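As structure tokens, the structure follows; a few thoughts come after it.
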Amino acid sequence: MLGAAGSGGTENAASSKPAPTVTKTVTAKPVERAEDKADAKPAKAEEAEEPKKDDGGDRVKMPDFVGMGLQFAQDAAQEKGFYSLKSHDSTGRDRFQAFDRNWKVCSQNVKPGKTASTDTTLDFGAVKLEETCPASDKQAPEAAGGKMPDLVGESVKAARGVLASGTSITVTDAAEDRMVLMESNWKVCTQKPAAGTALNGQPVEFTAVKFEESC
């Protein structure tokens, strides 16, 4: 009995197997550096479309406004989408276009047929209805090189605009003893100092008559 018991005990010990060892392999995730996180772009930012640049308004083929009444031309320009409008006196007299219907278009700063943005400022050269358009817009001379320009024949208003704003100017009637009120209606007959004289802040004197008169 003892032998049987011992034999049975040995058999149980021999037949028992040790528990298998299970090895689990875990792949470690790389640790992101702080600078990598800072440089990383969010997915939405990568997927978002770039904003479209402003194209500066619609592109429109420029009509020919020359020959139209100034008011009609301005209305026609607005119908095409041009809302930045201005005008000037084509004769160079620097008259103000107070009543647009009394003026007609002689020139335009954007040539007819050219494609331009509707954000473009249109500038119309104009004369009064009863006047003839000049071959080209007349520009007042400039005081180049700090010297007195030749202003004889220019409107008194244009002549005044050529000189520095602080210049002391005296204007007298060359024909009678009239007051020179609307300076754009008067033309310079004589000037002092003479053309070519260096301008050093000295007072300027003009004599003038109305445009329909002779000096």
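No lab work stands behind these numbers, since they all come straight from the coordinates. Not measured: the values here are computed from a predicted model. Quick reminder, even Gly has a Cβ in these numbers, built from the backbone with ideal geometry, and neighbours come from all protein chains shown.
Tabulated data for the structure shown
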| item | result |
| --- | --- |
| Residue that is surrounded by the fewest Cβ atoms within 10 Å (Cβ to Cβ) [pool: residues in region 75-106 that are closer than 21 Å to A158 by Cα and of a type in the set (S, T, Y)] | S87 |
| Out of S184, S117, S136, sole residue that is among the polar types (S, T, N, Q), under 14 Å from G92 (Cβ atoms), touching a residue at least 24 places away in the same chain (Cβ under 8 Å) and surrounded by 13 or more Cβ atoms within 10 Å (Cβ to Cβ) | S184 |
